[in-house]
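The values are calculated or read from the model by the stated rules, or taken from the named source; none is laboratory data. Please read all numbers here as calculations on a predicted model, not as lab measurements. Note that each Cβ is placed from the backbone with ideal geometry, even for glycine, and that neighbours are counted across all protein chains shown.
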Amino acid sequence: MTALAVEQATPISTDESRTLNRCLDNEIADAVAAFGAASKVSADARAQTMQQRLADYIVDHRRLSAIARQSFMAIKTGNIGPGGATGDLLMLTLKELDELTDRLPLPH
């Protein structure tokens with residue numbers, strides 16, 4: 001700042017220098033505060049998205065587990081063989097459970 005004043009042959013008083021420095025300090029502080037607030041909003045949004053993804057995962061896991069249990073119980077009674085539609089449903093459900101686990105939303 002002083003170098004520019006000397007170069008331009010424009011004197012800067014002590015009060016003007018203090019005012020400029022105070023303004024710069026205030027603007028820098030405001031920018032840092034705004035950046036911190038934006039970072040918090042972004043982190044909150046990521047956490048909320050992760051919570052929703054986990055909630056969706058839990059719902060799908062419970063649904064598939066219930067289908068697998070019901071299919072197994074039906075086969076276990078002995079009236080339904082594992083080679084029929086119920087056995088196919090059980091295998092499909094177990095495959096979906098594996099795929100669901102592969103899609104588990106883990107933080108990076």
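Please verify whether Ser17 is closer than 30 Å to Thr93 by Cβ, in contact with a helix residue (DSSP H, G or I) (Cβ under 9 Å, 6 or more places away or on another chain) and among the polar types (S, T, N, Q), treating the condition exactly as stated. Against the criterion (closer than 30 Å to Thr93 by Cβ, in contact with a helix residue (DSSP H, G or I) (Cβ under 9 Å, 6 or more places away or on another chain) and among the polar types (S, T, N, Q)), Ser17 does not qualify. Is it true that Thr101 is among the β-branched types (Val, Ile, Thr) and exposed (fewer than 11 other Cβ atoms within 10 Å of the Cβ)? Taking the combined requirement at face value, the residue satisfies it. Considering every residue within segment 38-50, establish whether at least one is modelled with pLDDT of 80 or more and out of contact with any helix residue (DSSP H, G or I) (no Cβ under 6 Å at 6 or more places or on another chain). Checking segment 38-50: at least one residue is modelled with pLDDT of 80 or more and out of contact with any helix residue (DSSP H, G or I) (no Cβ under 6 Å at 6 or more places or on another chain). Scanning segment 65-72 for residues that are surrounded by 11 or more Cβ atoms within 10 Å (Cβ to Cβ) and either at pLDDT below 80 or not in a helix (DSSP H, G or I) (or both) turns up nothing.
The rows are residues; the columns are (1) farther than 29 Å from Leu94 by Cα; (2) of a type in the set (D, E, K, R); (3) touching an Asp or Glu at 6+ places or on another chain (Cβ under 8 Å); (4) in a helix (DSSP H, G or I).
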residue: Pro11; (1), (2), (3), (4): yes, no, no, no
residue: Cys23; (1), (2), (3), (4): yes, no, no, yes
residue: Asp30; (1), (2), (3), (4): yes, yes, no, yes
residue: Ala43; (1), (2), (3), (4): yes, no, no, yes
residue: His61; (1), (2), (3), (4): no, no, no, yes
